[in-house]
1. Could we say that Asp118 is modelled with pLDDT of 95 or more and either crowded, with 17+ Cβ neighbours inside 10 Å or in contact with an Asp or Glu (Cβ under 8 Å, 6 or more places away or on another chain) (or both) here?
2. Among the residues in region 240-258, are any polar (S, T, N, Q), surrounded by 24 or more Cβ atoms within 10 Å (Cβ to Cβ) and touching a Ser or Thr at 6+ places or on another chain (Cβ under 6 Å)?
3. For region 208-219, name all the residues that are of a type outside the set (Gly, Ala, Ser) and either modelled with pLDDT of 95 or more or surrounded by 21 or more Cβ atoms within 10 Å (Cβ to Cβ) (or both).
4. Would you list the strands (runs of 3 or more DSSP E) that sit entirely within region 278-339 and hold 2 or more residues that are closer than 24 Å to Ala175 by Cα?
5. Looking at region 47-58, I want the residues that are within 14 Å of His232 (Cα to Cα) and have a partner that is charged (D, E, K, R) and in a strand (DSSP E or B) with Cβ atoms under 6 Å, at least 6 apart or on another chain. Which pairs are those?
6. Which residues, taken from region 1-31, are among the polar types (S, T, N, Q), over 20 Å from the mean Cα position of the chain (by Cα) and part of a helix (DSSP H, G or I)?
7. Would you list the helices (runs of 4 or more DSSP H) that sit entirely within region 205-275 and hold 3 or more residues that are closer than 30 Å to Ser339 by Cα?
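The values are calculated or read from the model by the stated rules, or taken from the named source; none is laboratory data. Predicted model, so just to flag it, every value in this text is computed and none were measured. No Cβ is skipped: glycine too gets one built from the backbone with ideal geometry, and neighbour counts run over all protein chains shown.
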Amino acid sequence: MRSDNNSGVSPEIMQAIIDQNAGDTEAYGHDEITEKCESVLQSLFENDDLKAFNLISGTAANSLIIGTLSPTFGAIFCHQDSHVYGDECGANEFQTGGAKLIPLKGANGKITVSELEDAIDRFIIGEAHHSQPSMLSIANTTEAGTVYTPDEVATLSAVLKKHNLKLHMDGARFANAIARVGCSPAEMTWKVGVDAISFGTTKNGTLGAEAAIFFNNCDDGSFIYRRMRSGHLVSKMRFISAQIIAYLENDLWLKNAYHANRMAEKLFEGLKDADGIKFSYPVESNVMFAEIDKAVHEKLWQAGFRFYTRNTAGISSSRLVTAFNTDTSLIDKFIDIVST
């Protein structure tokens, strides 16, 4: 339960890779399957102007999108616990050429409108001594495992549009957010003001496939050059494209996400009143955080369970993550160990 990155690959995805293994085709994305992949994404998001660029790394998607949308002197707002701020080794500052990430607070991993407005107001527009506000990056699902609703995204977007700022969504677990809310991908993104999304699939059943998606085709700007210059233009692109197509066909992406979310909900329901464990945030996706007593932690560890634990301000917090292939028996075992 350490990470959904530790899970395997959906059989449908593996078969799609095998099916692409016969014969030759154009490299670097100049192939029919990659062209079809962009068309499939346009259909999914109900946006014919959408431009998609396939990658194999979520960090690459985040940092290259941010580097495209923000100038080098930009101030990029994000949550203080976000992946772009704390877990990407300065990739976003590097790809922007030196823009600043400005961390904001917010309960349950979400940025509030008041916090965003206050942060923007701290900068003097047109003053050479100040970085200039350029964009906001939010994650959905958030790093706390919570989920923004379309209305919440729209409210943040309205603040940004007043200041002519861009909105990026880190969608590493986008499927889990959609499975939770039940809206369409369009209703969670460009229809509520999102300019670009890092569309993740790897955590939800693919071998390694991400897409940097720009909803306004004028925004993709320098992306093709940034992708090449950073070493992220995959030569045998058809294998990445085939994964994304298979991921979306027959709603596999939602089926996988629904299952992962259900396993998390089952764990929460089985333990919410148990001694020795206290959940830190609302459980809204496949990612949970909990304070686990030392004795319970040790029992789980001895039973073979593995999860990340960190100490912040004297509080020990453990992250528990379910995946598309998490077995119900594993959840039952975890509950039994904590409850006995």
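1. Criteria not met by Asp118.
2. yes
3. Within region 208-219, Glu210, Ile213, Phe214, Phe215 meet the criteria.
4. Hits in region 278-339: 287-292, 315-321.
5. Here the result reads Leu55/Glu210; Gly58/Glu210, each pair linking region 47-58 to a residue that is charged (D, E, K, R) and in a strand (DSSP E or B).
6. Scanning region 1-31 gives a single hit, Gln15.
7. Where helices (runs of 4 or more DSSP H) fall fully within region 205-275 and carry at least 3 residues being closer than 30 Å to Ser339 by Cα, they are 252-271.
Rundown of residues vs (1) in contact with a Leu (Cβ under 7 Å, 6 or more places away or on another chain); (2) in the same structural domain as Ala179 (by TED's automatic domain parsing); (3) more than 22 Å from Gly205 (Cα to Cα), yes/no style:
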| site | (1), (2), (3) |
| --- | --- |
| Arg226 | yes, yes, yes |
| Ile240 | no, yes, no |
| Asn256 | no, no, no |
| Ala260 | no, no, no |
| Ala264 | no, no, no |
| Leu271 | no, no, yes |
| Glu284 | no, no, no |
| Met288 | yes, no, no |
| Ala295 | no, no, yes |
